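The values are calculated or read from the model by the stated rules, or taken from the named source; none is laboratory data. Just so it is clear, the structure is predicted and the values come from calculations on it, not from any experiment. Cβ placement follows ideal geometry from the backbone for every residue including glycine, while neighbour counts extend to all protein chains displayed. In case anyone asks, the SASA skips ligands and DNA or RNA and just uses the protein heavy atoms, side chains included. Shrake-Rupley method; radii C 1.70, N 1.55, O 1.52, S 1.80 Å.
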Amino acid sequence: MKYELSPLGDSAVIVQLETEITEKTHHAVRNLTIYLEKNPIDGMLDFVPAFTTVTVYYDPIKVWTRMESDASPYEVICDKLGYILENMKRSKPKEAKTVEIPVCYGGEFGPDLEEVAKHNQLTPDKVIDIHSKGEYLVYMLGFAPGFPYLGGMSEQIATPRKETPRQKIPAGSVGIAGSQTGVYPIETPGGWQLIGQTPSALFDINQEPPTLVEAGDKIRFKPISLSEFEAMKEGQE
């Protein structure tokens, strides 16, 4: 496995696995995170997977007190990570779970649908058709609790972020930014182009797990009507 190790401050190591965002890279990231989850390194505090990297956070004092050499804590962690990366068996990615997310497109829930259509010289209905027919890989969760960074959106509906972000975006809003699409799990500021909203909760602290999806899952969006949206919302209350 190709990789590069570099420091992040004095208590973390960035493991760079590839430079391009692909499913192959995603599987390499998942492979390492699954291994670290099952076989934590002594002194490791946490790890954070991203598109092409895994950042490993560690306690330098804990590593230092258990060292049997003159190496620095950073060098010790790098040696351990290097050994893992050189000897870890590549496991086949588990079969992806597909999560269907209902979306009410346009209107008050998708105030930027017309803008996305205009930018791409399409009709709003065509944007909805393209967006809802895609299958999207969840590369990682981030930015906000449960926010899925998705791959697989058609370039036909790619649209730049808004020049001035909104101060409040409702939870469940489905947006487009560049060639990515995603769903806001909580109310938060943001600059994505909003094309719809889902009644499904992507993050619920009272559930286990609290997130609807996880890295490695697949997402499909299903268009629903306003009445269906309202009925689903009522059913959750």
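Among residues of segment 101-151 being more than 10 Å from Ile195 (Cα to Cα) and among the β-branched types (Val, Ile, Thr), the one that is surrounded by the fewest Cβ atoms within 10 Å (Cβ to Cβ) is Thr123. In segment 42-94, how many residues are touching a residue at least 12 places away in the same chain (Cβ under 8 Å), within 30 Å of the chain's Cα centre (by Cα) and open to solvent by 90 Å² or more (accessible area, probe 1.4 Å)? Result for segment 42-94: 4.
In the condition set (1) open to solvent by less than 70 Å² (accessible area, probe 1.4 Å); (2) closer than 20 Å to Gly216 by Cα; (3) at pLDDT below 90; (4) of a type in the set (S, T, N, Q), Asn31 is compliant with all but (3). Quick one: would you say Pro209 is assigned to a loop (DSSP other than H, G, I, E, B) and modelled with pLDDT under 95? Yes; evaluated as a whole, the condition is true for this residue. Of all residues in segment 118-151, those satisfying the criterion of being assigned to a loop (DSSP other than H, G, I, E, B) and either farther than 18 Å from Tyr105 by Cβ or touching a residue at least 60 places away in the same chain (Cβ under 8 Å) (or both) are Gln121, Gly134, Glu135, Gly142, Phe143, Ala144, Pro145, Gly146, Phe147. One residue stands out among those in segment 178-189 that are open to solvent by 10 Å² or more (accessible area, probe 1.4 Å) and outside any loop (DSSP other than H, G, I, E, B): the one that is farthest from Met232 (Cα to Cα), which is Gly178.
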